[in-house]
Amino acid sequence: MIDYKINIDEAVRYMGYRGFTPGEQEKALILSCEKQLREYIEPAWVYRAFPTEQTDEGILLKGTTLTLTGEDIRSHLEGCGRCVLLCATAGAKADELIRLKEKEDLVQGYITDCLASAAVEGVCDSLEAELSKRLADKYLTWRFSPGYGDLPLDLQPKILAVLEAGKRAGVSCTGSLLMIPRKTVTAVIGISDTPIVRKKQGCAACSMKDRCTFRKAGEHCGS
């Protein structure tokens, strides 16, 4: 059983609350949706570590045909001789519950969707904590996902294939690059033998910067 947490405060931020907190009635509804989500959710993850090689095309994961392209991922993995490729998901039943809730009540459907987004981030956080324990003598970067900076989204199917995520975690990718289940994250974490200079997770590098609700409110997702 995967141990994970649903960060309610993070889910509330996804819901669009700015400058005030939900009232008691809203809190009760959120907690009710969270309780039901936990009954449906089937979190899963898969990850593999690979030696990396700098090439003209990008960062090659040795033993595979996968090359991570873009200057941002090259910078992110600077000094890292290895990396972890991961996929984490809240599971198909979370998608099923969101659809059911949307049919019954749009507000509850929206709340459940935001909670499921926070849940998959919680699964990623739990996986990252496990990696930190297993690699206690190494230094890890933060996780970097396709779509962030200039790491292209069209790498998603290749990442899933390398991880055998369909067989091992029940995750697939559509022709339009939508992952199924929807509440799924793929990411790259660099591994170094020496301390890593922590690079900023700036808005300027994010593919969502032009349509991000946090930025419109003068905030950012890491705040």
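The values are calculated or read from the model by the stated rules, or taken from the named source; none is laboratory data. None of the values given here were measured: they were computed from a predicted structure. Please note: Cβ atoms are built from the backbone with ideal geometry, for glycine as well, and neighbour counts cover all protein chains shown. When the accessible area is computed, the model is the full protein with side chains, heavy atoms only, and any ligands, DNA or RNA have been set aside. Shrake-Rupley method; radii C 1.70, N 1.55, O 1.52, S 1.80 Å.
Things to note:
- With respect to the stated conditions, I111 fails to be at pLDDT 95 or above, more than 19 Å from T186 (Cβ to Cβ) and open to solvent by less than 10 Å² (accessible area, probe 1.4 Å).
- Some residue of the stretch 142-155 being assigned to a helix (DSSP H, G or I), aliphatic (A, V, I, L, M), open to solvent by less than 80 Å² (accessible area, probe 1.4 Å) and at pLDDT 95 or above: yes
- Residue within the stretch 119-135 that is of a type outside the set (S, T, N, Q), surrounded by 20 or more Cβ atoms within 10 Å (Cβ to Cβ), at negative phi and touching a Ser or Thr at 6+ places or on another chain (Cβ under 6 Å) present: no
- Residue match in the stretch 162-175 (condition: closer than 22 Å to Q54 by Cα, of a type in the set (V, I, T), touching a Pro at 6+ places or on another chain (Cβ under 9 Å) and crowded, with 18+ Cβ neighbours inside 10 Å): no
- Which listed residue is open to solvent by 60 Å² or more (accessible area, probe 1.4 Å) and within 19 Å of V107 (Cα to Cα), from E71, E42, E24, E57: E24
- Only one of Y14, Y47 that is hydroxyl-bearing (S, T, Y), closer than 23 Å to V171 by Cβ and modelled with pLDDT under 95: Y14
- R182 open to solvent by 70 Å² or more (accessible area, probe 1.4 Å), outside any loop (DSSP other than H, G, I, E, B) and touching a residue at least 24 places away in the same chain (Cβ under 8 Å): no
- Apart from one condition, K158 fits all of (1) part of a helix (DSSP H, G or I); (2) modelled with pLDDT under 95; the exception is (2).
- Qualifying residue in the stretch 180-197 (condition: within 30 Å of G16 (Cα to Cα) and at pLDDT below 95): no
- Where a residue in the stretch 83-99 is assigned to a helix (DSSP H, G or I) and its partner, wherever it lies, is surrounded by fewer than 23 Cβ atoms within 10 Å (Cβ to Cβ) and aromatic (F, W, Y), with Cβ under 6 Å and at least six apart: K93/Y40; A94/Y40; L97/Y40
- Hits in the stretch 139-171 (condition: more than 23 Å from D3 (Cα to Cα), touching an Asp or Glu at 6+ places or on another chain (Cβ under 8 Å) and of a type in the set (D, E, K, R)): D150
- From the list T67, T52, T21, the one residue that fits, being in contact (Cβ under 8 Å) with a residue 24 or more places away in the chain and not aliphatic (A, V, I, L, M), is T52.
- Top-ranked residue in the stretch 1-18 [being hydroxyl-bearing (S, T, Y) and either in a loop (DSSP other than H, G, I, E, B) or free of Cβ contacts under 8 Å to residues at least 60 places away in the same chain (or both); ranked as least open to solvent (accessible area, probe 1.4 Å)]: Y4
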